Amino acid sequence: MSNDIDLADAYALQTPDDNRDLYSRWANTYESGFITDNGYVYHLGVAQVFLGRSTYNDGPILDVGCGTGLVGEALRTDSSCPGPLDGLDISPEMLKKALEKRTVEGESVYSELHVGDLTAILELADEAYGGITSCGTFTHGHVGPGALDELYRIARPGALFAIGVNPDHYVTHGFADRFADDAVAGTITEPAVHLVPTYESGPNVGVLSPVIVFRRQ
Ligand SMILES: C[S@@+](CC[C@H](N)C(=O)[O-])C[C@H]1O[C@@H](n2cnc3c(N)ncnc32)[C@H](O)[C@@H]1O
């Protein structure tokens, strides 16, 4: 391994402060270490699912828990990606990496990057976004279904969501029930669950992770 932080450390996180601390130390080696060492490709599947359902007017998009910007990079490789694309993360150090991300044309991948905590109120306007996506953030630790309240608030009616949720937590941490309840309440359309590969190599190859797709009503 090319660094001493790995998935077990990320899965042990309990609080927003734990996250800020770990990701401030991980930002420089997250891609060269964890992503490369594990053949991690979940972000590619999340981006593909979003693009497969989106139309030209599903922007602006917010990449929630954007980290170093892998989802954004994958989205922006496709010229059909609606724009603009913003990112949000609790870790300024991860956002600093996302700020450096460029498209093949040399443009910044993200138009705006916001420091924000998904377990708190986000400093973003009501109905600001036409698309919301996320990968690797609704996982072990502290970001549960309660974070959806703020995401619904900042999504305009009709906004497209493609949200990756850890496969072990999708049912046990209440995400499946929450999406089902929200669909019954008319807050969102009936959610569709797409399963995409998480890793393309290594010991976890074959693991599939869900991407939940729906629209805000
Ligand atoms: C496993 S990384 C995934 C990053 C990126 N989406 C990817 O696919 O590579 C999880 C990200 O969620 C962010 N995060 C964790 N807790 C958060 C919170 N409460 N609010 C906002 N972002 C958070 C972390 O800082 C980290 O960048």
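Where a number appears in this text, it was derived from the coordinates with a stated rule and is not lab data. What you are looking at is a predicted structure, and each value in this text was computed from that prediction instead of being measured. Quick reminder, even Gly has a Cβ in these numbers, built from the backbone with ideal geometry, and neighbours come from all protein chains shown.
Numbers below:
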item: Full-extension gain in nm, R153 to L7, via 0.36 nm per residue minus C-alpha separation; result: 49.5 nm
item: Computed over segment 38-215: relative contact order in percent, which uses C-alpha pairs under 8 Å that are six or more apart; result: 24
item: Which of I5, I163 has the fewest Cβ neighbours within 10 Å, and the rest in rising order; result: I5, I163
item: Cα shape, the chain, gyration tensor, a/c 1.5 rule; result: rounded
item: MRE, 222 nm, helices only [DSSP H, n ≥ 4, -39500 (n - 2.57), over the chain, to nearest 500]; result: -8000 deg cm²/dmol
item: Rel. contact order, % - alpha carbon contacts under 8 angstrom, at least six apart, segment 31-102; result: 33
item: Full-stretch length increase - A192, V115 - with 0.36 nm per residue and alpha-carbon distance subtracted; result: 24.8 nm
item: Distance between modelled label sites at D126 and R25, nm, 7 Å Cα→Cβ extension; result: 4.2
